[in-house]
Every structure is written in structure tokens, then in C-alpha cells.
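Take a look at the structure below.
The values are calculated or read from the model by the stated rules, or taken from the named source; none is laboratory data. Here the structure is a predicted model, which is why all the values come from computation and not from measurement. Positions of Cβ are backbone-derived with ideal geometry, glycine not excepted, and every protein chain shown enters the neighbour counts. The accessibility values were calculated without ligands, DNA or RNA, using every heavy atom of the protein model including side chains. Shrake-Rupley method; radii C 1.70, N 1.55, O 1.52, S 1.80 Å.
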Amino acid sequence: MRCLVTGATGYIGGRLVPELLDAGHEVRCMARSAGRLRDQPWASRVEIAQADATDAGQVDEALEGVDVAYYLIHTMGGGKDFAAADREAATVFAAACERAGIRRVVYLGGLAPDEKLSAHMSSRTEVGEIFLDSAVPAVVLRAAMIIGSGSASFEMLRYLTERLPVMTTPRWVSTRTQPIAIRDVLRYLTAWASVPDEVNRSFDLGGPDVLTYADMMRVYADVAGLTRRLIIPVPLLSPGLSSHWVGLVTPVPAGLARPLVESLRNEAVCGEHDVARYVPDPPEGLIGLRRAVELALKKIKEAGVTTRWSSASTPGAPSDPLPTDPDWAGGSLYLDARARRVNASPRQLWEVVEAIGGEAGWYSLPIAWHVRGLMDRAVGGVGLRRGRRDPRRLRVGDSVDFWRVEEVQPGRLLRLRAEMRLPGLAWLEMRVLEHEGETVYGQRAIFHPRGLSGHLYWWSVSPFHTLIFGRMLRNVAAAAEHGPVSPRPSRDGGAGPGDGPAGSGEPAAPARDATARP
């Protein structure tokens, strides 16, 4: 079959594509930004259609010649109008599927009861109904909590359990749920490309275990070798307060945690297992929670996490690429540019540059980065805790703390776009250069202000740039020359190196700094 996968830059879509390819299907990926799929290991094996799901013309082109369409688009933490945006996109996509004569639409939604749903679960249910009511046969898979390395639900479970040996918890920890392993979800999704029957209905998806969230935390603690967790329910924590609590303790920001927490208020237990009539259970049975946790932790330990919850774009975060025109649209660009000769090979320097962020930190004043991360989370941003998908390698579209990788030219250039809350757009660019036989490290911080507040922001923080970016320049060079400094844990869940090798200071090579300019 020729399959169209929407949401291929997200957690599920990025894992479904290689599964479909390995099953022998042709795959076309639809994404708003085709460039974000460029560095995927399977990119050369697929067609890429650049399209917005709300643009009927673009969707028509993306669906041309397609047999089965996977709809994996859903807004999480996307502001007040997320339901209307989801409704519009699903309606446009369903109509385009009718015009294209698609054989089947497969939609992955959430498992929930039929009443008293949260706003996000109501939206997911509505999207499923839009496809079921269209003229194209649709399979709506209603999955319970998905457990897999890098999923938002798993990260929330993992960090709450690891960081809180004793916890006071809201009522939702006593709600029953039927978690399902990511491997089983992908097996169901892949199989529906080949089921010959014409089916138009929803199916409940869940694993073999029915547990409360408190039970799940105890299972995780046992698998991870932690001491038994003491859980004390407290009825006073609302979903809003709970989401801020989750945002404080875990890498999942409050804006994303809220829909997850709200969904936990409802029991998510399968009412039927009819899907087995079309996609039989494997001989060994579905994967239980204990095994799913073991597999996820193994992937994390081996740095084999292929996609993460942060793979998808953050709603409300800037998405404009770095302009090539320094006088972009007649506006102002503020620039902090620095360069330094490095007594190391270009390869040694690049290894330090590509590993920046996450556990390696930012090579200057960890406390300052920690505070900036806390400030961002306080206003609803992503903060520093997203970390990295891989500790050593980056690809376009990866998240790195509160940055997003906009461009990677291996051995030469890394450009990060800020996804923190700012009155403007910001980038951090790192280059490995060769000049007259010497290795040179080039570093630029670029800011495009939005309104007067943007200009005031730049001038208020510019006095700190020499301290922050100057040290960063020196310490990145020192790490390339002497080997990276062992990271030390920060209070924000990440880590940061000292001010030079073993905290000894700075390398001998002179620096060449450029001051900020409008």
C-alpha cells in the first residue's frame, strides 16, 4: 500500500514510518516543514509532502495516489482555540480524503468514557467522530496511556517516581487505567494498512494490566530498583495545580502536563477487545506494564530513543527560520558574535559542539542557565528539562533544552532556535572553522525583537552576555583542547560543566569578540 503519514515529526509518527517501510509499504510523509524530516534515518526511503493540514489544496496534493492515510495530528497545550483548530484540520483532511478516494483513514485517539471528558479528550473524541462520519471508511484506535521511551506519559511517570520517594498526590492517582506499550500501538497501526475488510468503527486499545496510577508508580519503582514509594492521596489538588506540580518535578512543562493530568481523572479501561478480530494478538500476548517499563529503560540506557514527546513542535513557540538578510524585513537584528582559535582538531571541537546541552550543559555559569530555565517554566515555557534525544548526535528538529535544532551541517555548523518565551525570535549559532591551518570556534547569539518590549529585553540582558557567552566561548574551546569537563548535576535536572577544564580557568589562545549591534 501507499501510506500517507501525518505528524511524522511527532512521537508516534516518527516511529510508525520505519515500521510501515519494514512491512513493505510505500510511505509519503506530510509535514508543515519538510526540512524537519531531512535528518531522519529513513528520510531517503520516503516521499515528503510539505503541507498544512488546514490548507485543502496542499492536502489534496499530499493525498494524490494514496491508499491509506494515518492521521496523527493533535494539539497538546495549544492555547484556548486548540479544539477549533483540531476540528478545522480534521474536517479539511476528511474532505480531502473523500476527494482523493482513499481506501481507509486510521486515526489514533484516546481511550476515555463517553461523558464528563476533559477539553482535550473531548477534542480527540470529536476528531474521531469527524472521520467516522465521513464517506471514507475510518478506523479510530482509542489508546490508553502509552508507555515507551520518550513518551510524555512515560516521562511523567518516570520522573515523578524517581524524584519523589514520598509524595502527596491528588485523587487521580487512584483512577484505573489500562496502559499499553508503544510496541503494541505501532503493531496495531501498521497492521491496519493491510487489513482487507472495509471497517468503519472505533476500537479500544489497552495492554493486559489494569492498574491505578499509584500502582504504576510502584511497578516503575520496582523495575528501576528504587525503594518502595510512599503515596499519600490529598483531595485538594485540582488539575491546574497538579499540572504545575508535575511541571515542577518532571521535564514535562505544565502546559503539556495539564491535558495529561485531566485525562487521568477518567478511567481509561477497555470496554471491548474487538480489534483482535482483525489484528490478532501475538502468540506471546500483549506487553504488560512491567515489560514495557523494562524495554523503555533499556532504550534510554542505550541512548536508543528514536523519538521523544518533545519531537513535535511546541505550540506558540517561534518557528521562523533565521533570516539570511541581516536587515530582515527592514527590522533590527541584535548580534553578539565571538570567535576564538582552538588548539585542537576541527573534529575534536565539533564533538564538543554537537554534544552541547542536556547533561553536558552550556559551558558557562550553570546557575544562570538554571534560573533562566525556571523563569521560562514559570511563564508556561518548556524550560531546560527537555534535555536531548541523544547525548552525542543531533538532527534537524531535535529539541535541546529550550532550543530547537534548526540546522546541522556535520563538522561545520549547529544552529539552534529558541523556544523559550521571549519578546522576539532568538538563535544561537556555533561554527567550526579553519583559518590559515588553525581551528577556529565561531559563536553568534542573534535576536530579532518584537516591539518595544523586545528592544528593552535585549538591552536589559546584554550586560550579561560577556559573562555568559564569553565564558561559553572559552570553555567550549577548552573542552575541545583538554577534553570535556565531567558534568555536575544542577537543581533543574540537567548538568553543567565548570568554567574550564577542572575549573582551572581559560585556554591560552586569545579571543576575538564583537560587541552587540542593532
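Order these peptides, 393-402, 269-278, 139-148, by their mean beta-carbon neighbour count within 10 angstrom, highest first.
Descending packing order for the listed peptides: 139-148, 393-402, 269-278.
Quick one: putting +1 on the C-beta of Lys and Arg, -1 on the C-beta of Asp and Glu, what dipole do you get for the stretch 98-153 around its Cα centre, in Debye to the nearest 20?
240
Roughly how many percent of the accessible protein surface of the stretch 7-97 is carbon and sulfur, given a 1.4 Å probe and a whole-percent answer?
Result for the stretch 7-97: 45 percent of the exposed heavy-atom area is carbon or sulfur.
Given the Cα-Cα distance of Ala224 and Met1 and 0.36 nm per residue of separation, how much length would full extension add, in nm?
Working: separation 223, 0.36 × 223 = 80.28 nm, distance 4.08 nm.
Result for the pair: 76.2 nm of gain on full extension.
Please compute the contact order of the stretch 420-464 in relative form: average sequence separation of alpha-carbon pairs under 8 Å and at least six residues apart, divided by the residue count, as a percent. Before the final figure, lay out each step's value.
Details: 51 pairs, mean separation 17.3, N = 45.
Answer for the stretch 420-464 is 38 percent.
Measuring with a 1.4 Å probe in the full set of protein chains, what accessible area per residue, in whole Å², belongs to the stretch 366-494?
Counting only protein heavy atoms, the per-residue value for the stretch 366-494 is 43 Å².
Starting from the Cα of Val379, step 7 Å along the direction of its Cβ; do the same at Arg99; then give the gap between the two resulting points in nm.
4.1
Please give the peptides 413-423, 290-300 ranked by average Cβ packing (other Cβ atoms within 10 Å per residue), highest first, as a rough proxy for protection.
413-423, 290-300
Calculate the FRET efficiency for Val234 and Ala119 from the Cβ-Cβ distance with a Förster distance of 35 Å, rounded to the nearest 0.05.
Calculated value: 0.90.
Could you state the number of Å between the C-alpha centres of the stretch 119-197 and the stretch 433-482?
Using only Cα atoms, the two centres lie 42 Å from each other.
Sort the stretch 107-150 into rounded, prolate or oblate with this rule: let a ≥ b ≥ c be the square roots of the eigenvalues of the Cα gyration tensor; rounded if a/c is under 1.5, and if a/c is not under 1.5, prolate when a/b is larger than b/c, oblate otherwise.
Cα axes put the stretch 107-150 in the oblate bin.
What is the magnitude of the charge dipole of the stretch 138-206 about its Cα centre, with +1 placed on the Cβ of each Lys and Arg, -1 on the Cβ of each Asp and Glu, and no other charges, expressed in debye to the nearest 20?
Its charge dipole is roughly 260 debye.
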